[in-house]
Amino acid sequence: MIEIVEAVNSAIETVKRLSALNEKIKDADVKMLIADLNIELANAKNNIAELLTENQRLKDEIKKLNKKRMEKLQFKGGAYYSSTGDGPFCQRCYDSKQLKNRLVENNPDFKFIGNYKCSICNNMFKVTEQ
Ligand SMILES: [Zn+2]
């Protein structure tokens, strides 16, 4: 992103040199083109500033989401729970990808395999604590 800012600043410097050069030539068409170029470069600089702000906001949001996602869970009774007791979460998803995927009660016909099921990876678990 810094390279883009440097490129625009370099273009602005080139426009200033063109403008100084045109003072000797005094061509009205060149003067108008330089003015248009100045406006376009100013717009590009504003757009870059907005993108940098948005980029930083998104980076902060990713950091916050990753921190939330990486919250340490406690394993008990066959599933994971948060420190506030929220859960149960899938052990396979958390162990392999650190994803907090909620377990849902399994269909009674399959309770002999597991009383809870992950809605993402579809694994079934016998959860004894809640
Ligand atoms: Zn899962």
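For first residues located in the range 1-28 and in the same structural domain as ALA42 (by TED's automatic domain parsing) and surrounded by 10 or more Cβ atoms within 10 Å (Cβ to Cβ), partners that are assigned to a helix (DSSP H, G or I) and basic (Lys, Arg) and lie 6+ apart or on another chain with Cβ distances below 7 Å form the pairs VAL8/LYS45; ASN22/LYS31. Listed by position, the strands (runs of 3 or more DSSP E) contained in the range 51-130 that have at least 3 residues being out of contact with any Asp or Glu (no Cβ under 8 Å at 6 or more places or on another chain) are 103-105. Flag: SER82 does not match the condition of being of a type in the set (Gly, Ala, Ser), within 12 Å of the ligand (Cβ to nearest atom) and surrounded by fewer than 18 Cβ atoms within 10 Å (Cβ to Cβ). Restricting attention to the range 108-130, the residues being surrounded by fewer than 18 Cβ atoms within 10 Å (Cβ to Cβ) and under 30 Å from the mean Cα position of the chain (by Cα) number 5.
I'd like to know if the range 57-72 contains one or more residues that are over 30 Å from ILE4 (Cβ atoms), in contact with a strand residue (DSSP E or B) (Cβ under 6 Å, 6 or more places away or on another chain) and of a type in the set (A, V, I, L, M, F, W, C). Taking every residue of the range 57-72 in turn, none turns out to be over 30 Å from ILE4 (Cβ atoms), in contact with a strand residue (DSSP E or B) (Cβ under 6 Å, 6 or more places away or on another chain) and of a type in the set (A, V, I, L, M, F, W, C).
The values are calculated or read from the model by the stated rules, or taken from the named source; none is laboratory data. Just so it is clear, the structure is predicted and the values come from calculations on it, not from any experiment. Note: ideal-geometry Cβ built from the backbone for every residue, glycine included; neighbour counts use all protein chains shown.
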